[in-house]
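The values are calculated or read from the model by the stated rules, or taken from the named source; none is laboratory data. Since the model is a prediction, treat every value here as computed from it, not as a measurement. Note: ideal-geometry Cβ built from the backbone for every residue, glycine included; neighbour counts use all protein chains shown. What goes into the accessible areas is simple: the full protein's heavy atoms, side chains included, and nothing from ligands, DNA or RNA. Shrake-Rupley method; radii C 1.70, N 1.55, O 1.52, S 1.80 Å.
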Amino acid sequence: MLSERRASIILLVATVLAAWGWIFSKEAILGLPPFGFIGLRFIAASLCLMPFCFSQLKRVERGNLIRAGGVGSILACALLCWIYAMSVSTSLGEGAFIMSLSMLIVPPIAWLLFKQRPPRIFWVSMPIAVAGLALLSLGGVGWQLSPSQIWFLLAALFLATHFNFNSQYAKSIPALVLTSVQLFVTGVIALAASLLTETWPESVPTSIWGWFTLSVLVATSLRYLMQTLGQKGASAANAAIIMILEPVWTVILSVVWYHEAMPAHKIAGCTLILASLLIYRGSEPLRRLLRSK
């Protein structure tokens, strides 16, 4: 068993890799159609995992495989909205913070689907997050959601729905099987969407395939492996707080890599969203710390 400190460091590295995934994806879709990129990326990632769970896969009931595929279709909707938002967005940083709102959308969806009432701290966190989103939407002509912000919000909504169903089915389906089936289904749906709606270039530069390879091996396979290892060794509360750092790293990378402008109202909006997540996911460990003193 990993020590808590070592597990936390592994999780921290996983959040950095996840942030780099935004850069890898943005660079890759400069030469690949967005939906096609998602399709190839997730089929490749699933094939990387498949050898490690093939024996388990053969023993899983057909009904559970269908459920895993259904969860994968929800994930596909989330990722297609996300990559389209990426393709039309001029600010990866704010997109990462909007996507992080999916964790605050999980409780009301769980309430709707499974009659699980949100904790009281949710009602404190959500208004702060809404205020942060409002500040992100503040432009020269007042408050107005840009197309990319709307698509990022849709992606967050699908991602929260996926989280709820994934949590339910993870109780009866082996984790590696569930993950590999979802990734494969996501890739197939994305490739189908690409063939129906996108035009592929006659040739793709070698550098683009380099970014694609990094997104598969580093931002998908290695990232999820490190996240899984870290979550096994770290407490759930500690892991939840560390994972909040992903949009922070994404903002830093987008400013350094793309020289994105971050006006004061956007910085304030990101700060409020981060604060809402810290309140929601950090309230329990804070109460435990206070009780221990």
**Prompt:** Condition test on Phe122, is it touching a Leu at 6+ places or on another chain (Cβ under 8 Å) and not in a loop (DSSP other than H, G, I, E, B)?
**Reply:** yes
**Request:** Being open to solvent by 10 Å² or more (accessible area, probe 1.4 Å) and of a type in the set (Gly, Ala, Ser) is the filter here, so list the residues in the stretch 25-60 that pass it.
**Result:** Gly31, Ala44, Ser55
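Does the stretch 140-151 contain any residue that is β-branched (Val, Ile, Thr), open to solvent by 70 Å² or more (accessible area, probe 1.4 Å) and on the phi < 0 side of the Ramachandran plot?
Yes: the stretch 140-151 contains one or more residues that are β-branched (Val, Ile, Thr), open to solvent by 70 Å² or more (accessible area, probe 1.4 Å) and on the phi < 0 side of the Ramachandran plot.
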**Request:** Can you tell me which residue among Arg281, Arg291 is modelled with pLDDT under 80, open to solvent by 50 Å² or more (accessible area, probe 1.4 Å) and closer than 20 Å to Leu11 by Cα?
**Result:** Arg281
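Just to be sure before I move on: is Ala155 touching a strand residue (DSSP E or B) at 6+ places or on another chain (Cβ under 7 Å) and either of a type outside the set (Phe, Trp, Tyr) or at pLDDT 85 or above (or both) in the structure I sent? Break it down into steps so the answer makes sense when it comes.
Details: touching a strand residue (DSSP E or B) at 6+ places or on another chain (Cβ under 7 Å): no; either of a type outside the set (Phe, Trp, Tyr) or at pLDDT 85 or above (or both): yes.
Here the answer is no, as Ala155 does not meet what is asked.
Going by the conditions given, is Leu65 surrounded by fewer than 23 Cβ atoms within 10 Å (Cβ to Cβ) and not small (Gly, Ala, Ser)? Outline the logic, then answer.
Values: surrounded by fewer than 23 Cβ atoms within 10 Å (Cβ to Cβ): yes; not small (Gly, Ala, Ser): yes.
Spelling it out, Leu65 is indeed surrounded by fewer than 23 Cβ atoms within 10 Å (Cβ to Cβ) and not small (Gly, Ala, Ser).
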**Asked** Scanning the stretch 75-104 for residues that are open to solvent by 30 Å² or more (accessible area, probe 1.4 Å) and more than 13 Å from the chain's Cα centre (by Cα), which turns out farthest from His259 (Cα to Cα)?
**Response** Tyr84
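If only one of Ser276, Ser254 is small (Gly, Ala, Ser), under 19 Å from Trp123 (Cα atoms), buried (at least 19 other Cβ atoms within 10 Å of the Cβ) and at pLDDT 80 or above, which one is it?
Working: Ser254 fails: under 19 Å from Trp123 (Cα atoms).
Unique residue meeting the criteria: Ser276.
Is it true that some residue in the stretch 45-66 is among the polar types (S, T, N, Q) and free of Cβ contacts under 8 Å to residues at least 40 places away in the same chain?
In the first step, residues of the stretch 45-66 are kept if they are among the polar types (S, T, N, Q); the result is 46, 55-56, 64.
Next cut, free of Cβ contacts under 8 Å to residues at least 40 places away in the same chain only: 55.
Yes, the stretch 45-66 contains a residue that is among the polar types (S, T, N, Q) and free of Cβ contacts under 8 Å to residues at least 40 places away in the same chain.
Identify the residue in the stretch 165-180 that is part of a helix (DSSP H, G or I) and open to solvent by less than 20 Å² (accessible area, probe 1.4 Å) and, among all such residues, is nearest to Leu40 (Cα to Cα). Write out each step before concluding.
Let us first name the residues in the stretch 165-180 that are part of a helix (DSSP H, G or I), namely 165-169, 175-180.
Those left that are additionally open to solvent by less than 20 Å² (accessible area, probe 1.4 Å): 177-178, 180.
Details: Val177: 19, Leu178: 19, Ser180: 14 Å.
Among residues in the stretch 165-180 that are part of a helix (DSSP H, G or I) and open to solvent by less than 20 Å² (accessible area, probe 1.4 Å), the one nearest to Leu40 (Cα to Cα) is Ser180.
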**Complete:** Exactly one of Leu195, Leu214 is within 10 Å of Gly36 (Cβ to Cβ) and at pLDDT 90 or above, and that one is Leu195
**Request:** Working carefully through the options Leu112, Leu225, find the one that is at pLDDT below 85 and more than 30 Å from Met262 (Cα to Cα).
**Result:** Leu225
